[in-house]
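A quick write-up on the structure given underneath.
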Amino acid sequence: MTSTAAPSRAPDTLLVLLAVALVLAAIVPFVPAGQFAPGQPMSLASFQPGESALGLRLFSSDADHPGVLNLFFDGFTSGSRNGAAIGVIAFVLTVGGAFGLVQASGAVDNGLKRLIARFGHRPRLLLAVLFIAFSTGGAVFGMGEETIAFLALLLPLIRRLGYPPETGVMVTYMASQIGFGTSWMNPFSVAVAQGIAGLPLLWGAPFRMAMWAGFTAVGLAFALRYATAHRVLPTSASSEGPGRAADASTPLGAVDHAVLWATLATVAWIVWGVTVAGYYIAEIATQFFSLGLFAGIAAVLGGRISANGAAQAFTDGVRGLVPVVLVIAVAKGMLGLLGGSDPHAPSVLNTALYAMGSAIEGTPELVAAWGMLAAQSVFNFFVSSGSAQATITMPLMAGLGELVGVSKQVSVLCFQLGDGFTNLVIPTSAAMMGAIGVAGLGWLAWIRIIFRFILLLMALSALTVALAIGIGYA
């Protein structure tokens, strides 16, 4: 894969994150680590200011007091099998290996040739269908990390249609986060937040469904406009040499049919697992590994690769995503430097949350709501998990909203809009870094592409909050 001169001048994403980590490490020792009193509802009144800072060290064997030089190790070992960083890292590497096997079978390449021959004359329709599908996935069952695997599957098609790889990120991960941020039923964000705020689950769904349709339309328009403007049409059949047209019309072989049908069956299996059986990244990783294993066996039996070649293909697929894993680890390690996300344990995050809450106390309703929206957007930099952010912030924000006349429903709206859209830019989001990493994009390159659209989403979010207050959305 070739690269242009411009990206080579930009600092590597890993260097950017390490620089941010060093800045945080320099600040943390001077910020008292506060906490919210255990056993009490989170509120401004229950906040306990810290008497001292965390006392950050260069290195430490104590997980509760991480050191700067422990950044990578603590990032790698944080979380659980169902979350960042351990779970997401295992998911990314497993999917990478599985798709290495799928690609080695040749079925995807042959299938894409046939697909382009049949539907390549209407690529915008294909992009639109993909965008709406992934936005719906984000709205219905909180699709996020799962898009990494689908992006890896779709990138060859995106490239063959002449679109740059960031188009693939837009119609998969970006679409899912627009759906995530405007969902009416996401069990990992809206349902959690409404439950904590004391609201009936899925209450106010019609307003949110209209919001989802509007934001999805705006996102789709942006993605199609960008894709069209940056499309490089494939060279003609004559310039590609004899046989190109014949390749497109050549019937698929038995191995191709087996692997492609297995891929479709795996996608259906994942949709069923997530929506019905409650599968998450551990189970989804297993599903994709099963696909890779099947593709490898089919390719070996079909004479396309040897058994050793299959093992090498899996290894190469894993190796290609190691840079992504490094970025995920350092992003999660940064959270450890701040003391973690437990509201009842001393951390700089709790102090920051209290400061943001205090800043909007006593302000007019609309100004307070916008302040809550901004606070949730900033806090998402440190805690990118929707359910975790809801658990930490909603007890305080819902109560604080009532103090200044903001309804609980609007407080939840501020949470989901602030949490959802900033997932498209924050370097601490393992899913976002994984998605752009799979597409071969650095963080700064992605920011240059997306920042105007993010500003538009923020402006539309502020207008949506104002509309909600204006119509008495309670």
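When the helices (runs of 4 or more DSSP H) confined to region 156-261 are screened for residues that are open to solvent by less than 60 Å² (accessible area, probe 1.4 Å) and modelled with pLDDT of 75 or more, those reaching at least 2 such residues are found at 165-169, 175-181, 190-197, 205-229. Checking Val28, Val68, Val95, Val88 one by one, the residue that is at pLDDT below 85 and open to solvent by 30 Å² or more (accessible area, probe 1.4 Å) is Val68 and no other. Against the numbered list (1) open to solvent by 10 Å² or more (accessible area, probe 1.4 Å); (2) farther than 17 Å from Ala193 by Cα; (3) in contact with a helix residue (DSSP H, G or I) (Cβ under 7 Å, 6 or more places away or on another chain), Ala331 comes up short only at (1). Scan region 346-377 for residues that are of a type in the set (A, V, I, L, M) and over 11 Å from Phe415 (Cα atoms) and jot them down. Residues satisfying the conditions are Val348, Leu349, Ala352, Leu353, Ala355, Met356, Ala359, Ile360, Leu366, Val367, Ala368. Within the option set Leu153, Leu126, being farther than 22 Å from Phe294 by Cα, open to solvent by 30 Å² or more (accessible area, probe 1.4 Å) and in contact with a helix residue (DSSP H, G or I) (Cβ under 7 Å, 6 or more places away or on another chain) holds for one residue only, Leu126. Being under 22 Å from Pro427 (Cα atoms) and part of a helix (DSSP H, G or I) is a description that applies to Leu335. Among residues belonging to region 260-300 that are more than 29 Å from the chain's Cα centre (by Cα) and free of Cβ contacts under 8 Å to residues at least 24 places away in the same chain, point out the one that is nearest to Gly137 (Cα to Cα). Checking each candidate, the answer is Ile297.
Name the single residue that is modelled with the lowest pLDDT among those in region 279-324 being surrounded by 15 or more Cβ atoms within 10 Å (Cβ to Cβ) and not in a helix (DSSP H, G or I). Here the answer is Tyr280. For Asn380, which of the numbered conditions (1) open to solvent by 10 Å² or more (accessible area, probe 1.4 Å); (2) modelled with pLDDT of 75 or more; (3) within 18 Å of Ala331 (Cα to Cα); (4) not hydroxyl-bearing (Ser, Thr, Tyr) fails to hold? Looking at each condition in turn, Asn380 falls short on (1). One residue stands out in region 124-149 among those that are among the β-branched types (Val, Ile, Thr) and touching a residue at least 24 places away in the same chain (Cβ under 8 Å): the one that is nearest to Gly386 (Cα to Cα), namely Val140. Selection of helices (runs of 4 or more DSSP H) fully inside region 396-474 by the criterion of at least 1 residues being open to solvent by less than 10 Å² (accessible area, probe 1.4 Å) and of a type in the set (D, E, K, R) returns 408-421.
The values are calculated or read from the model by the stated rules, or taken from the named source; none is laboratory data. On a predicted model such as this, the values are computed, not experimentally measured, just so you know. No Cβ is skipped: glycine too gets one built from the backbone with ideal geometry, and neighbour counts run over all protein chains shown. For accessibility, only protein heavy atoms count, side chains too; no ligands or nucleic acids. Shrake-Rupley method; radii C 1.70, N 1.55, O 1.52, S 1.80 Å.
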